[in-house]
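In what follows, a single structure is set out as structure tokens and then discussed.
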Amino acid sequence: MSKRGLDNELGEFELTTCRNQGDLFEDCEYLEEHPCDAIDFITKFMNSEIAASMDKDVSMCHTWGTKQIYETLFSMVNIKRRESEVYTDSRSLFWVGYMYRYWVWWLGESSKEVIRKVPAELACGMYTGLHTLDVKQAIIMLKQAKQKH
């Protein structure tokens, strides 16, 4: 992978991992066996060993499908079940997953750093205003929004 930072351009591999993480987040509330509380799922995933492994240029986790990631994560941490209506629409969950992974690849910050800087609830809440922007611009604006709070 190329150097990380503001001038970094992501390749097809990195963009694919962004889409895969978007799919993972998008589906978490709709799992048959364990429909998740999206905010709890996202927070625990981003703080997990799986996400930390995916932060690396080479990881077995990059080859895993969503089912394997769910099963492994559920065996590691307790994820709250969705008790009521779906928290948010699936498009915003996909966007948050994609954007967080893009942030990791683009700027080289760990998943734990990203979720600490912009918690899942804030990211989901900012979807409406930011999802039409270029992902890099959305990340910059999220970082700025968090600094103001």
Can you name the condition, by its number, that Cys28 falls short on among (1) part of a loop (DSSP other than H, G, I, E, B); (2) of a type in the set (A, V, I, L, M, F, W, C); (3) modelled with pLDDT under 90? (1)
When you look at Ile79, is it within 22 Å of Glu9 (Cβ to Cβ), over 15 Å from the mean Cα position of the chain (by Cα) and either at pLDDT below 90 or in a helix (DSSP H, G or I) (or both), yes or no? no
Lone qualifier among Tyr98, Tyr102 - being touching a Gly at 6+ places or on another chain (Cβ under 6 Å) and surrounded by 20 or more Cβ atoms within 10 Å (Cβ to Cβ): Tyr98
When you scan the stretch 24-72, how many residues do you find that are touching a Lys or Arg at 6+ places or on another chain (Cβ under 8 Å) and farther than 21 Å from Trp103 by Cα? 5
Mind counting the residues in the stretch 116-146 that are within 16 Å of Ala38 (Cβ to Cβ) and surrounded by 20 or more Cβ atoms within 10 Å (Cβ to Cβ)? 5
If you check Leu31, Leu10, which single one turns out to be closer than 15 Å to Val104 by Cα and either among the aliphatic types (A, V, I, L, M) or touching a helix residue (DSSP H, G or I) at 6+ places or on another chain (Cβ under 7 Å) (or both)? Leu10
Of all residues in the stretch 31-44, how many are free of Cβ contacts under 8 Å to residues at least 40 places away in the same chain and either of a type in the set (Phe, Trp, Tyr) or assigned to a helix (DSSP H, G or I) (or both)? 2
Residues being assigned to a loop (DSSP other than H, G, I, E, B) and buried (at least 16 other Cβ atoms within 10 Å of the Cβ): count how many of those fall in the stretch 48-61. 2
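The values are calculated or read from the model by the stated rules, or taken from the named source; none is laboratory data. Note that this is a predicted model, so its numbers are computed, not measured. Note that we place each Cβ from the backbone using ideal geometry, even for glycine, and neighbour counts take in every protein chain shown.
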